[in-house]
Amino acid sequence: MKLSSAWLYEQLVKKYKITEAAGLSGRDSYLRPFFGNPMYGGERTGHVCVIPVASEQEIRELQKKGLSDRNFFVFVLCADVTDCDGTDCDGMDRGVTDCDGTDRGEMERGMTDRGMTDRGGMDCDMTDRGRMDRGEIDRDMADRSGTDRRFDTFRVTWEKNMPGSACVCVTMAGSDGSSEKNRNSEKNRNSEKNRNNEENRSGRMNGAAEILNYLQEIFDTCDAWEERVSGLLAGNAGIAKVLEISAEFLANPLMVMDADFSLIAEAEMEKLPERARLFTEEGLNVEYMNALLQDAEYQKITQAKGTAIFPGYISGYRSVIRNLFIDAQPTYRLVLTECDTPVSESCFCILETLAGHLEYQLSREMPASMKGTLETIFQSILTDRTADYVQVSRRLSAVGWNSGDEYLCLILQITYLNQKQLSTGAICHYIQRQFRDSVSFLYQEEVVSFFNLTRLGMNEEEVAAKLVYFIRDSYLKAGYSRTTRGHMNLRRQYIQARTALDVGSRKKPYLWIHYFNQVALTYIIEQSTRRLPANMICHEGLLRLKEQDEKNHTEYMATLKTYLDQGQNATQAAKELFIHRSTFLYRMEKIKEILRSDLDDAEELFYLELSFRLLEQDEEKKQ
C-alpha cells in the first residue's frame, strides 16, 4: 500500500532524530523505499528515496542538479562526520541558497540519471496534497533540534524549489568505529581529506541501510494490516471485525454510520464518555446529532471528497471523518475519534486505504430494504385508495399485526433543517428502536409511524410521553390520531393525524404536539363551510342580533353567547357580564323577540352555539 510523508515522518521520529523536514502532507502517497545509489538505476517517482549525504551542502547541490520530482526523500547524515568545507554537520545553520558544488561522485550521478522510471505499474496520487499543520511540525522540530529558525528556512526553500516532493533529514550516530576515526582525523583534515571522505561515506551508507530497513518494516506492518482487512472482508467477517483490527492498529476508536445517522458498525467506542458518543446503549444521542446538524463546519465535511479533521468543540474529542461514496454519493461516513492517540494528517493515508475497502464492501452488499414487509403494506394503504382491505388485513395478520389489535398513527412534520441534512432515516430508526412493534417511513416529505399498541402493551398516552422530548429536541411537530381497533380504519387514522397536525399548527402554532381529539370540533366547523360561507349557514336570528348591535351599540350577541356558555343559567351569566340580574333578564327578553324564539328547544340551542363558532371562524379568516 501507499503511505504518506506525514505518516512516515511520524514513524521515523519515534526512533531517529529528525533535523529537517519539508513538504510533509497527509494527502500525498508513496510506494516502498529504494536506495539512492547508482547500482539501483536512476530516477524513480512516487517512491520513498533514501539518500546518504555528507552534509546539508550536498542536499542543496542535489537540488540544484535536479532531484526527481514526486518523491519523498529521506536524507541520512551521520552526527559525527564533517562536510566538505570543514563544518560539523550538526551545526548546519548556514543559508540554504543554491551554491556551486563539486562532483559528489557516484551517488550524485545515480540520482541525476534520468533513465529509470520503474514505478511498479502504480501512479502516485498527488492531487490536493495540502500540508501538515505548520505549528505542529515547527514545535516538534524545535523540540528535537533545539532551533526552528533554520528549519523554517530550509522548509521554505525546499517547498519553493521542490513543490511536488517532501523530505526529511535523519541524523544518525556514527557506526562501525567511523566516529572515533573521524574525531582523530579532525586535526589533520586538510591533509587526510580523501581518506576521511571514504570513512564518512561508509558510515553514511551503513546509516542509510538501517533507515531503509526500518522504512521497509513500516511498509511491511501496514501491508500486513491491509491484508488482514482484505481477508476479513473476503471471508464475510463483517465490517465490525474490520473496524476492530483497524481501531487497534490506529490506537483510536472507529465507527461507520450512514448519512442518516444510523449506526453500521463501531469498535472501541466504549472508551469514550457517553457525552462524546453519538450512539449509546439507549440508541442515537439526539442532542449530539442536532448539534452536528446545526454546525457549519460539519456541513462542509459531509460533502467533502477527502479526509478532514473535525474539531472537538461539541463533544470534547476531535475526530477524523472520511465520507464513503456509493455511486458517487456520500452515503456513509467513516469516523476516527481521538482518544488514546493524538490525531493529525498523518493517519489520512491509513483511513483512505480503509475507506477504499469499505466502499467496495458496502457497494457489494445487498442494500437493506428501505421498504420492509410492514412498510410496504402501509405504503400501499396510504397510496392506493382502491386497495383491497380484506387482502391488506390478511397480509398484516400474516406478520402478527392482527385485526383485533389497537393501532395509533403519528405524523412528524420535518423541518427545513432535517430535510437539508436527510435525517429522516435517523428519525425512523430511532422510533423503531424505541418501539419494536412499530413501523416508520417517509411519506410525502413527512415521517409516518404506526404503532401496534396491543403488541407493545402501551396506550396512546404512554407512547406520546416516551416521544415528547425527542420531538422537542429534534425540532419536529407532531400530530396524533385517535386509537382505533382493527385494519379497516388505518388510512383514516392517517387522515386524523394529518388533520391534527394541520389544524393544530394553524390554531396553536406555538405547540409542538397536537392531538386529533383537541382539534376535532374546529375540523368539523371548517368542513361545514367548505361550500357555503358562515353567514349563509348560521342561525338567521344571529345575523339580526349582530345588525342590531352594530346599529344601536347594544350587546345582545355577547349576552346571548354568555347565556349559552353558562348552560342557560341566568344568574351566573349576569355575574360573568357584571350586570344586575334584572338587567340581564330584560336583555334576554329583547333577544328572544329579535330571534323570534323562546330558546327552549335543544336543537335550536345547539344550532345557535354552532353558529357562534362559525361566525367566529369567519372573523378569524378576515383578520
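The values are calculated or read from the model by the stated rules, or taken from the named source; none is laboratory data. Nothing here was measured: the structure is a model prediction, and the numbers come from that model. With ideal geometry, Cβ positions are generated from the backbone for all residues, glycine too; neighbour counts draw on all protein chains shown. For accessibility, only protein heavy atoms count, side chains too; no ligands or nucleic acids. Shrake-Rupley method; radii C 1.70, N 1.55, O 1.52, S 1.80 Å.
Which FRET efficiency value, to the nearest 0.05, do you get for Tyr360 and Asn161 by plugging their Cβ-Cβ distance into 1/(1 + (r/R0)^6) with R0 = 60 Å? Computed FRET efficiency for Tyr360 and Asn161 comes out at 0.95.
The label point for Glu550 and the one for Ala209, both projected 7 Å from the Cα toward the Cβ, are 11.0 nm apart. What separates the Cα centres of the stretch 464-511 and the stretch 277-316 is a distance of 29 Å.
For the peptides 471-482, 377-388, 9-20, the ranking by packing is 471-482, 9-20, 377-388, with the highest mean count of neighbouring Cβ atoms within 10 Å listed first.
Other residues whose C-beta falls under 12 angstrom from the C-beta of Gln548 contribute a net charge of 0, scoring Lys and Arg +1 and Asp and Glu -1. Across the accessible surface of the stretch 212-262, with the other protein chains kept in place and a 1.4 Å probe, carbon and sulfur atoms take up 47 percent.
In this structure, the amide hydrogen of His47, modeled 1.01 Å from its nitrogen in the peptide plane, lies closer than 5 angstrom to those of Leu31, Phe72, counting only residues at least 5 positions away or on a different chain.
Of the solvent-accessible surface of the stretch 433-557, computed with a 1.4 Å probe and all protein chains present, 49% belongs to carbon and sulfur. The Cα center of the stretch 543-608 and the Cα center of the stretch 46-78 differ in position by 103 Å.
The HN-Hα couplings worked out from phi for the stretch 275-287 by the Karplus form 6.51 cos²θ - 1.76 cosθ + 1.60 (θ = phi - 60°) are 5, 9, 9, 6, 10, 10, 5, 7, x, 5, 7, 5, 4 Hz, whole numbers, x standing for Gly and Pro.
Computed from backbone phi with θ = phi - 60° and the Karplus coefficients 6.51, -1.76 and 1.60, the 3J(HN,Hα) list for the stretch 438-454 is 8, 9, 9, 7, 8, 9, 6, 6, 9, 8, 10, 10, 10, 10, 8, 5, 5 Hz; x is used for glycine and proline. The calculated FRET efficiency for the pair Thr221 and Ile326, based on their C-beta separation and a Förster distance of 30 Å, comes to about 0.50. In this simple spin-label approximation, Ala234 and Ala520 carry label points 7 Å from Cα along the Cα→Cβ vector, and these lie 6.6 nm apart. Oblate is the label for the stretch 311-358, because the ratio a/c of its alpha-carbon gyration tensor axes (a ≥ b ≥ c) is 1.5 or higher and a/b is not greater than b/c.
Ordered by 1.4 Å accessible area with all protein chains kept, Asp618, Asp600 run largest first as Asp600, Asp618.
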